[in-house]
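Student: Below is a structure I'd like to ask you about.
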Amino acid sequence: MKYHIQTFGCQMNVYDTKSMMGLLNGAGHEYTDNLAEAEMILLNTCSIREGAEQRVRGRIGQLKRYKDKGRLRFLGVCGCMGQKEGARLTDAVPYLDLVIGPGAIGSIARLVEELERGNRPLVDITGIEDEYDQPFPAPNEAVSYPCFVSVMKGCNKKCTFCVVPSTRGPERSRDPRIILQEVETLVQKGYKEITLIGQTINSYRYDGIRFPQLLERVNQIPGLARLRFTTSYPSTSIRALFEVMASLDKVCEQLHLPVQSGSNRILKAMRRTYTREEYLNQVRYFRSLYEGRALPPAITTDIIVGFPGETEEDFQQTLDLVREVRFDAAFMFKYSPRPGTVAAAMINQVDEYTKSRRLDTLLQLQHEIAGEMNRNLTGSRVEVMIERSTPSSQGGMEYESRMRTGRIVKLSAPAGAYSPGDLVQVLLTGCTSYTLFGDPLSSGESTQGGLKIHVA
Ligand code: 5AD
């Protein structure tokens, strides 16, 4: 059967989609990008904010026409919204055939068999007993970046704003042998860069192996050039991870460390377990480990504005923290009350207008900082890895590549000059706030950046 999957939300969903594709292709089904010819469409959904759910609801409505007249036999909702809504979705939308949570991903091929036998609608949100302790087969498609490998799922934190612990369950760390096997398979398929993912990846623990040791092992895989990971929680034990990170040649100089707020009062109400001062100390320590290198490491973050009870003063503290840290990038959100969470029941909700105003102010500040950082980088020589190419308007190709720190660099070169995964030394010649432009250096001219120079 020809099928299509549309992915919403986080990297874990991208990974889950790939896992489902591997399993469905293995069962003889075939992926298509053409909705008109798809016999099954799955929406792999996100519940993190209200807006994410609204987008999915809109999409379900739009897809009805493929059900009414077209080839579409089965329409399904997977992922966090499936877990959260369950049979409420099939009750409300009679043309939905399948609703599953993230825990049922390992059973997708069997569920589709049942649909084919005429059993519908199917709802499986029984839990988190996924077939997680085996490597998920990667679909046989062209290499495309970023490429994620999950090392742990779920979350044991108690952040009062967050729905994830209830949609993805408690932390489960994966057997390191399975992780290594999955990464090795991807490297054999041609991947040069892997991003390890987990909701709070520094909580990884399997038979005494913690995340720093796992990184050391993955770092040793021959053929792999670059290794990234996300997301780290600013916990007290994170320094050991920073030290290992800075010592490993393949681990890129990029840390995603969500701060959420710059106000201790709000951090406490969020039940984040660190203070503003502790966070700032962690950032300082992390940066100190890279002193003397040509380029500083990148730090990115997530920030919520308008959490219940956030005053103008609290918000100013967030702005101050952003000015002090100077994040390379920040994902910034208006607080969105999620049903069932502690914060949704708080009585001191911030009005929508104030949330929007604060978000705009924060976006503007971060935009200025990112632009300044990019301007400071122009003139540097750096190593980039090619990710993809598109034909450019002047003929030839525009290649999109990434620095080790995660910044995007665009290069122009003749068609066929590079393939995804190639490491190229470039001179950064110009920028916008979010993109750098570079010229490839002829081989022999080396860069000074990074810990070690990889030559393509
Ligand atoms: N409202 C707004 N943002 C949220 N996030 C998580 N839950 C909410 C919510 N209820 C943000 C956090 C988290 C990121 C993935 O999404 O910043 O780090």
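Student: Taking amide H atoms as placed 1.01 Å from N in the peptide plane, list the residues 5 or more away in sequence, or in a different chain, whose amide H sits under 5 Å from that of Leu255.
Tutor: Amide H neighbours of Leu255, under 5 Å, 5+ apart: Ala298, Ile299, Thr300.
Student: Between Gln394 and Lys69, how many nm apart are label points set 7 Å from Cα along the C-beta direction?
Tutor: Label at Gln394, label at Lys69, 4.8 nm between them.
Student: I would also like to ask the following. Could you check the spin-label model distance between Asn219 and Arg59? Points 7 Å from the Cα along Cα→Cβ, value in nm.
Tutor: In this crude spin-label approximation the distance works out to 3.7 nm.
Student: Give me a comma-separated list of calculated 3J(HN,Hα) values for segment 269-277, in order, Karplus coefficients 6.51, -1.76, 1.60 applied at θ = phi - 60°, integers in Hz, x for any Gly or Pro.
Tutor: With the stated coefficients, segment 269-277 comes to 5, 7, 6, 7, 9, 10, 9, 4, 5 Hz.
Student: Using square roots of five times the C-alpha gyration tensor eigenvalues, list the equivalent-ellipsoid semi-axes of the chain in whole Å, biggest first.
Tutor: Values: eigenvalues 239, 173, 99 Å².
In descending order the semi-axes read 35, 29, 22 Å.
Student: Once amide H atoms are built 1.01 Å from N in the peptide plane, which residues 5 or more positions from Ser150, or in another chain, come under 5 Å H to H?
Tutor: Those lying under 5 Å, H to H, from Ser150 are Ile197.
Student: HN-Hα J couplings of segment 328-339 from phi, Karplus 6.51/-1.76/1.60, θ = phi - 60°, integer Hz, Gly and Pro as x?
Tutor: 5, 7, 9, 9, 10, 9, 7, 4, 10, x, 9, x
Student: Using a 1.4 Å probe on the protein heavy atoms, what percent of the accessible area of the chain belongs to carbon and sulfur?
Tutor: On the way: 9610 of 19230 Å².
Answer for the chain is 50 percent, counting heavy atoms of protein chains only.
Student: Please work out how much accessible surface Thr167 shows to a 1.4 Å probe, ignoring ligands, DNA and RNA, in Å² rounded to 10.
Tutor: The accessible area comes out at roughly 10 Å².
Student: State in Å² the accessible area per residue of the chain; use a 1.4 Å probe, count heavy atoms of protein chains only, and round to the nearest integer.
Tutor: Working: 19230 Å² over 456 residues.
Each residue of the chain exposes 42 Å² on average to a 1.4 Å probe.
Student: Once the Cβ-Cβ distance between Arg293 and Ser412 is put in as r, and R0 is 41 Å, what FRET efficiency do you end up with, to the nearest 0.05? The partial results should precede the final answer.
Tutor: Values: r = 28 Å, r/R0 = 0.69.
About 0.90, to the nearest 0.05.
Student: Karplus couplings for segment 206-211 from phi (6.51 cos²θ - 1.76 cosθ + 1.60, θ = phi - 60°), rounded to Hz, Gly and Pro as x?
Tutor: 9, 6, x, 8, 9, 4
Student: Along the Cα-to-C-beta direction of Glu30, a point sits 7 Å from the Cα; which residues of segment 1-23 have their amide N less than 14 Å from that point?
Tutor: So the set is 1-4.
Student: What's the Kirkwood radius of segment 130-261 in Å, using all Cα pairs? Walk me through the numbers before you get to the answer.
Tutor: Working: mean 1/r = 0.0652 Å⁻¹.
This gives a value of 15.3 Å.
Student: I would also like to ask the following. Enumerate the amide H contacts of Glu171 below 5 Å, restricted to partners 5 or more residues apart or on another chain; note that Pro and chain-start residues carry no placed amide H.
Tutor: HN-HN under 5 Å from Glu171: Cys155, Asn156.
Student: Take every Cα pair under 8 Å in segment 2-124 that's 6+ residues apart, average their separations, divide by the length, and report that relative contact order as a whole percent. Walk me through the intermediate numbers first.
Tutor: On the way: 207 pairs, mean separation 29.9, N = 123.
Result for segment 2-124 is 24 percent.
Student: Test of understanding: what is the full-extension gain from Ala240 to Arg357, defined as 0.36 nm times their sequence separation minus their Cα-Cα distance? Let's see the in-between values first.
Tutor: On the way: separation 117, 0.36 × 117 = 42.12 nm, distance 3.86 nm.
Additional length available on full extension: 38.3 nm.
Student: Taking Cβ-Cβ under 4.7 Å as the only way to count a partner, pick out the unpartnered cysteines of the chain.
Tutor: That list is Cys10, Cys46, Cys78, Cys80, Cys147, Cys155, Cys252, Cys431.
Student: What distance in nm separates the simple spin-label points at Thr435 and Gln188, each placed 7 Å from Cα in the Cβ direction?
Tutor: 3.8 nm
Student: Here is the link list: Lys64/Lys334; Lys84/Lys153; Lys2/Lys189; Lys2/Lys67; Lys157/Lys268; Lys18/Lys189. Which ones come out longer than 19 Å on Cα distance? Walk me through the intermediate numbers first.
Tutor: Numbers: Lys64/Lys334 31 Å; Lys84/Lys153 17 Å; Lys2/Lys189 24 Å; Lys2/Lys67 14 Å; Lys157/Lys268 13 Å; Lys18/Lys189 14 Å.
Check vs 19 Å cut-off fails for Lys64/Lys334; Lys2/Lys189.
Student: From zero outward in steps of 10 Å, how is the percent of C-alpha pairs of segment 2-124 spread across the bins?
Tutor: 14, 51, 33, 2
Student: Note down the relative contact order for the chain as a percent, whole number, built from C-alpha pairs under 8 angstrom at least six residues apart. Don't skip to the end; give the middle numbers.
Tutor: Working: 903 pairs, mean separation 46.8, N = 456.
RCO, the chain: 10 percent.
The values are calculated or read from the model by the stated rules, or taken from the named source; none is laboratory data. Owing to the predicted nature of the structure, the values given are computational and were not obtained by experimental measurement. We place every Cβ from the backbone using ideal geometry, glycine too, and count neighbours over all the protein chains shown. What goes into the accessible areas is simple: the full protein's heavy atoms, side chains included, and nothing from ligands, DNA or RNA. Shrake-Rupley method; radii C 1.70, N 1.55, O 1.52, S 1.80 Å.
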